[in-house]
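The values are calculated or read from the model by the stated rules, or taken from the named source; none is laboratory data. Quick caveat, the model's predicted, so the values are computed rather than measured. Here Cβ is always computed from backbone atoms with ideal geometry, including for glycine, and neighbour counts include all displayed protein chains. Side chains are part of the model used for accessible areas, which takes the heavy atoms of the whole protein and leaves out ligands, DNA and RNA. Shrake-Rupley method; radii C 1.70, N 1.55, O 1.52, S 1.80 Å.
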Amino acid sequence: MTSHLVTHQDGEHVSGPSAVEYRSRLGGVARFSGRVVRSVRSIERLLDQADPDIHHGDAMTCVHRVETAECRKEKLALGLAVDSGPHESFCRSSCGNLIYTDRDIAQLRAKLSARDAEAHDPLAPQPRRARAAALAAQARAIIEAHEAIRLVTHQDGDAA
């Protein structure tokens, strides 16, 4: 996952276990005030203060908290070195740090047809078709949950 300053789009819907934390962290990020900063140390200090520790990955977003990061637990279990950031290759769908933004859902939708095609490819080996079918089902479940939360949120009149 890449770490960079996140820009929250007004009206963007987010879902997942860390959705409230995502909104909270973005609300605390300082907006650019138009000042010129010339020293490297000042730039580094400002960037450290502005980093909400939100990481956009492949069709998912991590609101990183070390104590609940499944990727960290996985690396520790394997006896691998652990640093303070998330590790997408060890990410688990059960992680409490995950959220899905509208942008993530658009990426999942784009991948869905390719996974469906691979799941039904008669020339592909059965284990590959089964894996593609499982990934497609997982993507559908995430998309459906995201949309269901959007409907409930809009019916209650709360902001998305």
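Listed by first and then second residue, the pairs with beta-carbon distance under 7 Å, at least 6 apart or on different chains, first residue in segment 140-160 and within 25 Å of Ala110 (Cα to Cα), second open to solvent by 60 Å² or more (accessible area, probe 1.4 Å) and modelled with pLDDT of 75 or more, are Ile143/Arg109. Condition check for Arg150 on (1) open to solvent by 80 Å² or more (accessible area, probe 1.4 Å); (2) modelled with pLDDT under 90: one failure, at (1). Of all residues in segment 72-94, those that are β-branched (Val, Ile, Thr) have Cβ atoms under 8 Å from Cβ atoms of residues that are open to solvent by 90 Å² or more (accessible area, probe 1.4 Å), 6 or more apart or on another chain, in Val82/Leu76.
Applying the criterion of at least 1 residues that are among the polar types (S, T, N, Q) to the helices (runs of 4 or more DSSP H) found wholly in segment 58-160 leaves 102-119, 126-156.
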